[in-house]
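See structure below.
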Amino acid sequence: MPSSDTAAVAVSIVVPVRNEAENVSPLIAEIVAALGGRWVYEIIYVNDGSTDATAQRIAAVMKQRANLRQIRHATSSGQSAAVRSGVRAARGAIVATLDGDGQNNPAFLPDLIAAIENGGNRVGLAAGQRVGRKDTGFKKIQSRVANGVRSAVLRDGTRDTGCGLKAFRRDVFLAMPYFDGLHRFLPALMRREGYEIAYVDVIDRPRRYGASNYGFFDRLWIGIMDLAGVWWLIRRKKSTPVVTEVTCHD
């Protein structure tokens, strides 16, 4: 089993969940199989105020895996807050995220992580782009509308920001202004900070168990309202000054 020693961890996998008890064990097994021995990593489940047996299922696996951690929200605070809590707790310089419902296939995690490593200082985000989506027709329409409006306003060059499969540099993420819904605008905000985006096509899967915990208003209307704020942030961004320290020997 890979070590989860603070100094050794290179990659942190953050999984936000709310009421996903039946999906916990199968998804963790897939994450472990996907990463193999390529990186020293940890898995951080952020339990966003679950009221089912999610906490107990995670705790049971923690007894078998030293590199599995659980962060709990006393009450549900939303997906963006859960992702941020996980990133703040992460020990790895690279953080990868995926949804906890099983629709995101962990087999694509290595490609995302490698895209960050191979990008040097240029690439700040590797974003999964879903193909062959398994959502209902209604959810596809929601995403198509939200992505179309976002792309037209922000011109972020990304066709799908709703995919939970992402990898990014922890320090860059934490330096960004935080707001609810941040995870939907990562490509635009990364570009704002001067970073390039790498894109990885990923194949979506049907949900195994349960039902979606983030609904219509969370995905669409709140996202459209946030769009105005992100547009303002981008417009107000000034060029980053080149800073050097002058010493007495200069």
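The values are calculated or read from the model by the stated rules, or taken from the named source; none is laboratory data. All of these numbers come straight from a predicted model, not from anything done at the bench. FYI the Cβ positions are ideal-geometry reconstructions off the backbone, even for glycines, and counts take in every protein chain you see. Areas reflect the complete protein model, heavy atoms only, side chains present, ligands, DNA and RNA absent. Shrake-Rupley method; radii C 1.70, N 1.55, O 1.52, S 1.80 Å.
Which pairs do you get when a residue that is farther than 18 Å from Val40 by Cβ, found in the stretch 108-126, comes within reach of a residue that is among the hydroxyl-bearing types (Ser, Thr, Tyr) and open to solvent by 20 Å² or more (accessible area, probe 1.4 Å), reach meaning Cβ atoms under 6 angstrom, with the pair 6+ apart or on two chains? Listed by first residue and then by second, the contacts come to Gly124/Tyr195.
For beta carbons closer than 8 Å, sequence separation of 6+ or different chains, a first residue in the stretch 171-193 that is modelled with pLDDT of 80 or more and a second that is open to solvent by 30 Å² or more (accessible area, probe 1.4 Å) and hydroxyl-bearing (Ser, Thr, Tyr), the qualifying pairs are Val172/Tyr195. Among the residues making up the stretch 80-128, those that are closer than 21 Å to Asp180 by Cα and among the β-branched types (Val, Ile, Thr) are Val83, Val87, Val95, Thr97.
Can you say whether Arg133 is modelled with pLDDT under 95, open to solvent by 40 Å² or more (accessible area, probe 1.4 Å) and out of contact with any strand residue (DSSP E or B) (no Cβ under 6 Å at 6 or more places or on another chain), as far as the supplied structure shows? Yes: the conditions hold for Arg133.
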